[in-house]
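Scroll down for the structure; my scribbles are underneath it.
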Amino acid sequence: MTAIEPFELHVSDEVLDDLRTRLARTRLLPDSPRKPASGMSSGYLRELVDSWVDWDWRAREAWLNGHPQFVAQIGDAAVHFVHQRSERADAPALLVMHGWPHTFALQLDFADRLPDFHVVVASLPGFAFSSPYAEGAMTETRLAATMHALMTDVLGYSRYLTYGEDVTANVSDLIAARYPDHVAGIIATHAHFPTGDERDALTDVAERAFFDDLAARGGPDGAYGHVQGTRPDTLAVGLNDSPVGLLAWITEKLVEWSDVPAGDPRAVEQRISREQILTEAMIYWATQTIGSSFRPYYEGADQPDPIPPTSVPAAVFIQRHERGYPESLARRHYLDLRVFDRLAEGGHFTVAEVPDEMAARVREFAASLD
C-alpha cells in the first residue's frame, strides 16, 4: 500500500506580509462604460479586497487543519486529500472531487455533514496542495485512474461512492464506467454530457434544444475557458503576480455559476460566504497553482473522449445551472438510474451551495443500496 504522510496547512508569515503589502497597493479601475453583464464589479471587488486585508487567516487556517489531511504519492503526482473517517468501521466510503475554479476547501462543509460516511475530499493534481503530474497530459482518464488508486490502493476501500463537479463530473463517470466492481454508486449533479460529435448526432428535440441553449451562452460566458485553453501561461503570469486579479478571476465564476439572482455580484454570498471566497483565493495564492489549474483546459480534459454508459447504481440531481438537462440523456448513460430529480436550489458548486440538502440526498441514496 502507498505510504501516506500527514499534512498540516501553514502559510508562512512572509507570504502573508507580502500579500498584505500587495493588497494595500492595489490599483482598481472603475467599471467600463456600458459594462457587459458579469459576475464582478469594481465596487464588490473593492469590498473583497478590504475584507482580505483585515481577514484573520490564522483562524481560518486552524479551521481547515481541523480536517485530517494527508499526502500520498500516486504515480508522478503527490496527491493531497482530506480523509474524515466515520466512527462506524462499516460506514460507506465517499469520494468527493472538485473542479475549476474551486478547491477541496469549498467542499468541506458538505463533508462535515456526513459523519456517518468515510469521506475523502481530494485535491486534483496541480490544484492547491497536490503537485501537478510531472510528465504527460492531465486527461480525464488519467485523473480517474489517480482518484481510483487513491481510494483503493492508498486508502484500502474495496467499494466506494463517487461524486464530482465541473471537470470531475466526467472523471466520476469514468470511474464508474471503468471500475464498476469497486463503485457502489455514483451521485451526479453535473450529469453526463455527450461529446461534441455525439451531440451533433442527437435527434431528440429536447436534447438538441438543451445543447443549443448551452452553445448560445457559451460565447460570452466561455471566454475564460478560451483564454485558459489557448494562452494559459500569459494569463497565469498576471494572476500569479496580482492577488486582486486572482481574486477577481475566481470570484467572477463563483458568482456567475452559483444559483443566485443576476445583477448584484454580492448575491453570491447567499450561497458561498465571503470567508469561503477568500479561502479559495488564499489557497491559490499561497500555493501558486493558478497556472497548473489551467492544465485541464489546454491539455484536453475538458474535451473528453466518449465515456461508455455505466451500470452502477446512480442518483442524478440536476442543479440549477443546468436546470433544463433532459432526463432521457441520463437514462441512456446511467443504465441503473435509481433517482432522477431536479434541485429546487443550488448551482454549479452544488455541495457548497446546498450542503444540508445534498448530504441528506446522498445519505438516502446510500441507504437504499444496502
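Rule-based calculations on the coordinates, nothing more; no lab input. Given the structure is predicted, the values throughout are model-derived calculations rather than measurements. Methodologically, a virtual Cβ is constructed for each residue, glycine included, from the backbone with ideal geometry; neighbour enumeration extends over all protein chains shown.
Count Lys and Arg as plus one, Asp and Glu as minus one, and take only other residues whose Cβ is under 12 Å from that of ILE283; the net charge is then -1.
Can you tell me how the chain classifies by the Cα gyration tensor, rounded, prolate or oblate, using a/c under 1.5 as the rounded cut? Kindly include the intermediate steps, with their values, before the conclusion.
Details: a/c = 1.58, a/b = 1.19, b/c = 1.33.
Taking the square roots of the gyration eigenvalues as a ≥ b ≥ c, the chain is oblate.
Put in order of Cβ neighbour count within 10 Å, fewest first, the listed residues PHE211, PHE349 become PHE211, PHE349.
Assuming a ≥ b ≥ c are the square roots of the Cα gyration tensor eigenvalues, decide whether the range 149-244 counts as rounded (a/c under 1.5), prolate (otherwise, with a/b larger than b/c) or oblate. It is oblate, given that a/c is not under 1.5 and a/b is not larger than b/c.
Just check the range 202-273 against the gyration tensor rule for me: Cα atoms, a ≥ b ≥ c as the square roots of the eigenvalues, rounded for a/c under 1.5, and otherwise prolate or oblate depending on whether a/b exceeds b/c. Before the final figure, lay out each step's value.
On the way: a/c = 3.68, a/b = 1.39, b/c = 2.65.
Oblate, since a/c reaches 1.5 and b/c is not below a/b.
Remark: the range 274-287, residue by residue, has Karplus-estimated 3J(HN,Hα) of 4, 5, 5, 4, 5, 4, 4, 4, 5, 5, 4, 5, 5, 8 Hz, where x stands for each Gly or Pro and the curve is 6.51 cos²θ - 1.76 cosθ + 1.60 at θ = phi - 60°. Put in line by how crowded their Cβ is, counting other Cβ atoms within 10 Å and starting with the fewest, ARG88, ARG27, ARG208 read ARG27, ARG88, ARG208.
Each residue of the range 77-86 is assigned a 3J(HN,Hα), and the resulting list reads 10, 8, 9, 8, 7, 9, 10, 9, 8, 6 Hz, derived from the Karplus form 6.51 cos²θ - 1.76 cosθ + 1.60 (θ = phi - 60°), x at Gly and Pro. Computed from backbone phi with θ = phi - 60° and the Karplus coefficients 6.51, -1.76 and 1.60, the 3J(HN,Hα) list for the range 305-322 is 6, x, 10, x, x, 10, 9, 6, x, 9, 10, 10, 10, 6, 7, 5, 5, 10 Hz; x is used for glycine and proline. Taken about its Cα centre, the range 4-368 carries a charge dipole of about 340 debye when Lys and Arg each add +1 at the Cβ and Asp and Glu each add -1 at the Cβ. If you wrap the range 49-156 in the convex hull of its Cα atoms and look at it from every side, the mean projected area works out to 7.9 nm². For the chain, DSSP calls about 35 percent of its internal beta bridges antiparallel.
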